[in-house]
Amino acid sequence: MIQKAIRKLSLPLFASAGITAAGLILYQRISLHRASRKGDKTPFESYTTPDGVSMAYERFGYGRPVVLLHSLHPGASRREWRPQIEKLAKDFRVYTVDLPGFGQSDKPTKPWTAYQYAKALHSFLSDVIGKPVALAAANGGADIALVLSMLYPEDLEKLVLISPEGIGRGFATPNDTHQLKKLLSPVIGTQAFLDGTSKKALRLLAEELFYQKERMPVDFVKNLKQNARYGKGAQASYAGYVTRFAAADTKQAFASLSLPFLLIWGERNVRNSAVYLEEAENLQEKGEFMLFEDTAALPHMENSKAFGQILKDFLSEEDLERKAM
């Protein structure tokens, strides 16, 4: 009698759980469908790597080639460098690139390592530009640039690095990566992805990236959300970010640099403390080092005018030396 009552009670409970799960899956599908329709519509050129991955990029101006590489966080894209394009394009051929997994580039269904990113970037530089470049890169992108400098030093003439994360934090730990499988799973992983790329979550991220909030572009969070959820492999890109899958220890690569470089750190960077600028200075006797006051992780956006002039002066140093001779 009791067992029969339990069975009668259990049926509605299981039915309710099934309806809840079905409702959650439907919500997730609708959210992802909306994201696919609201992707960035900015015109771009496309390059396909030897592995068949499409990379979106734009080019501006004429002169010696300069490549600008974005950070590695949810919603990051080549848009990050827009404040610098107009000034640089007067004297250089400027390329802004979306790495695979970001912006309008293909988003692989599994997270990538720093080696894979560096290899894809090397293919782009070789096939599209075909000569050594000056490369400016920010945060996680700066670590990709440093890995590139070790694997393919022939690709580079100069480096501008903004707070490379690998100088301080190094490789991902087992504690970082233990939840990768769950984050890649359907339903549970998908919900974690949607929660982590919600407008509220991305606004909190944006507030960490900027010290002076009034200098944040009005459409910055909107663009983060637009790019963070766009593409079939967007969930894998988010999982890679959370687990630091693309992290690399770039101390050795930085210490080995022999080409001209400029290392910049935002004084108020809470995501990657400026104390690592001093550590970087202990690793290198060459190059130039600069601390940007009252900026956080994105000094090239937060104080774009001053940054742009410093960047242009650094990239033009050889021309000034030739004129002086």
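The values are calculated or read from the model by the stated rules, or taken from the named source; none is laboratory data. If you're wondering where the values come from, they're calculated on a predicted model, not measured in any experiment. Positions of Cβ are generated from backbone atoms using ideal geometry, with glycine treated the same way; all protein chains shown enter the neighbour counts. Surface accessibility is based on the protein's heavy atoms, side chains included, excluding ligands, DNA and RNA. Shrake-Rupley method; radii C 1.70, N 1.55, O 1.52, S 1.80 Å.
Computed values, structure above
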| item | result |
| --- | --- |
| Linear extension gain, Asp51 paired with Leu259, 0.36 nm per residue minus alpha-carbon span | 71.9 nm |
| Beta bridge orientation in the chain: antiparallel %, DSSP, nearest 5 | 25 |
| Amide H within-cut-off set for Phe289, under 5 Å, with H built and near neighbours excluded | Leu263 |
| Lys/Arg +1, Asp/Glu -1 at C-beta; the chain dipole; positive extreme among Ala274, Thr243, Leu159 | Thr243 |
| Counted charge near Thr113, where neighbours are those whose Cβ lies closer than 14 Å (Asp, Glu -1; Lys, Arg +1) | -1 |
| Out-of-range pairs (alpha-carbon distance over 24 Å; input Lys286/Lys312; Lys181/Lys232; Lys199/Lys232; Lys119/Lys232; Lys87/Lys232) | Lys87/Lys232 |
| Cα centroid separation - region 135-178 against region 180-239, whole Å | 22 |
| From the coordinates shown, semi-axes √(5λ) of the Cα gyration tensor in Å corresponds to which of [x] 30, 23, 21; [y] 41, 20, 19; [z] 40, 31, 16 | [y] |
| Using a Förster distance of 30 Å, the FRET efficiency for Ser198-Glu281 (Cβ separation, nearest 0.05) | 0.15 |
| Surrounding net charge for Pro153, when Lys and Arg each add one and Asp and Glu each subtract one, Cβ distance under 15 Å | +1 |
| Net charge contributed by nearby residues that have their C-beta within less than 12 Å of Gly233 (K/R +1, D/E -1) | +3 |
| Where trypsin sites (Lys or Arg not before Pro) fall in DSSP loop in region 200-268, at most 16 other Cβ within 10 Å | Lys232 |
| Cα centre as origin, Lys/Arg/Asp/Glu Cβ charges: the chain dipole, Debye | 2260 |
| Extreme residue, positive dipole direction of region 118-195, given options Gly170, Ala118, Phe193 (C-beta unit charges) | Phe193 |
| Angle between the chain longest axis and helix 114-124 axis [Cα atoms, degrees, rounded to 10] | 60 |
| Alpha-carbon centroid distance for the pair region 279-293 / region 56-104, whole angstrom | 24 |
| Rounded accessible area per residue of region 100-224, 1.4 Å, Å² | 43 |
| Fully extended contour minus Cα-Cα distance, from Lys222 to Glu317, at 0.36 nm per residue | 30.5 nm |
| Extension gain, Met290 back to Arg215 (0.36 nm per residue minus Cα-Cα distance, nm) | 24.9 nm |
